[in-house]
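Participant: Here you go, one structure.
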Amino acid sequence: MESRCAICGSRTQEMDLAEIKFEGVCVKACPYCRKQLAQFKQNPEHNAEWLANVLCRDVQSIRTPETTAALTRLAYRNHIARPAEDKEPPAKKAAAAQNHVEPLERRVEALENQLHRLKRRLMISKILEFVLPLLVALVLLVVLLRSGYLQNIFDYFSTLEDLANQM
């Protein structure tokens, strides 16, 4: 059964979640958040970026307001400011994202075509690996039968068998 971490909101197995208490709030957190929070308490300057990123994540439906308030108090107590949000309107972000998506879609389509051709060539080579030796063996057998050498080979082995039986 999967649950979500009350701090970062990432999916975690229920057995991995453990309760942790900080700033008067008791929450179930994933191992990573527990470790980062413990390291933050020891050295706030070193792990300030982690706390700022956690506060910026949009986990409104998962993180309770009390947990968000406790994380914010922890940040303000250690003089960690939230990163400034972009002032760019969402429409411009969508247009900029669309400009990046089109070349990627073309690349994906080209790679899919290349993969299709590679699969076709692989299938043909596997068929040829089986059929070609079989055809060569059949042609060799026909040549030996038509030339009469196959009968000579059978006669030779029967002579050897007769000699072996006489001994």
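The values are calculated or read from the model by the stated rules, or taken from the named source; none is laboratory data. These numbers were taken from a predicted model, which means no experiment stands behind them. Note that each Cβ is placed from the backbone with ideal geometry, even for glycine, and that neighbours are counted across all protein chains shown. Side chains included, ligands, DNA and RNA excluded: accessible areas come from the protein's heavy atoms. Shrake-Rupley method; radii C 1.70, N 1.55, O 1.52, S 1.80 Å.
Participant: Which pairs have Cβ atoms under 6 Å, sit 6 or more apart or on different chains, and link a residue in the range 149-167 that is assigned to a helix (DSSP H, G or I) to one that is of a type in the set (D, E, K, R) and open to solvent by less than 80 Å² (accessible area, probe 1.4 Å)?
Facilitator: Pairs that qualify, where the first residue is assigned to a helix (DSSP H, G or I) and the partner is of a type in the set (D, E, K, R) and open to solvent by less than 80 Å² (accessible area, probe 1.4 Å): there are none.
Participant: With respect to residue 19, is the statement that it is under 13 Å from residue 7 (Cα atoms) and open to solvent by 40 Å² or more (accessible area, probe 1.4 Å) true?
Facilitator: On the way: under 13 Å from residue 7 (Cα atoms): yes; open to solvent by 40 Å² or more (accessible area, probe 1.4 Å): yes.
Yes, satisfied.
Participant: I need a count of the residues in the range 40-50 that are open to solvent by less than 40 Å² (accessible area, probe 1.4 Å) and closer than 16 Å to residue 20 by Cα.
Facilitator: Selection size over the range 40-50: 1.
Participant: Give the residues of the range 55-81 that are of a type in the set (Phe, Trp, Tyr) and touching a residue at least 60 places away in the same chain (Cβ under 8 Å), sorted by residue number.
Facilitator: The answer is none; no residue qualifies.
Participant: Of the residues that make up the range 95-107, is at least one modelled with pLDDT of 85 or more, assigned to a helix (DSSP H, G or I) and open to solvent by less than 80 Å² (accessible area, probe 1.4 Å)?
Facilitator: yes
Participant: If we scan the range 67-83, do we find a residue that is touching a helix residue (DSSP H, G or I) at 6+ places or on another chain (Cβ under 7 Å) and surrounded by fewer than 14 Cβ atoms within 10 Å (Cβ to Cβ)?
Facilitator: Yes.
Participant: Output the residues belonging to the range 51-61 that are open to solvent by 30 Å² or more (accessible area, probe 1.4 Å) and at pLDDT 80 or above.
Facilitator: Within the range 51-61, 53, 56 meet the criteria.
Participant: Restricting the search to the range 22-39, which residues are open to solvent by less than 20 Å² (accessible area, probe 1.4 Å), within 16 Å of residue 73 (Cβ to Cβ) and not in a strand (DSSP E or B)?
Facilitator: The answer is 37, and nothing else.
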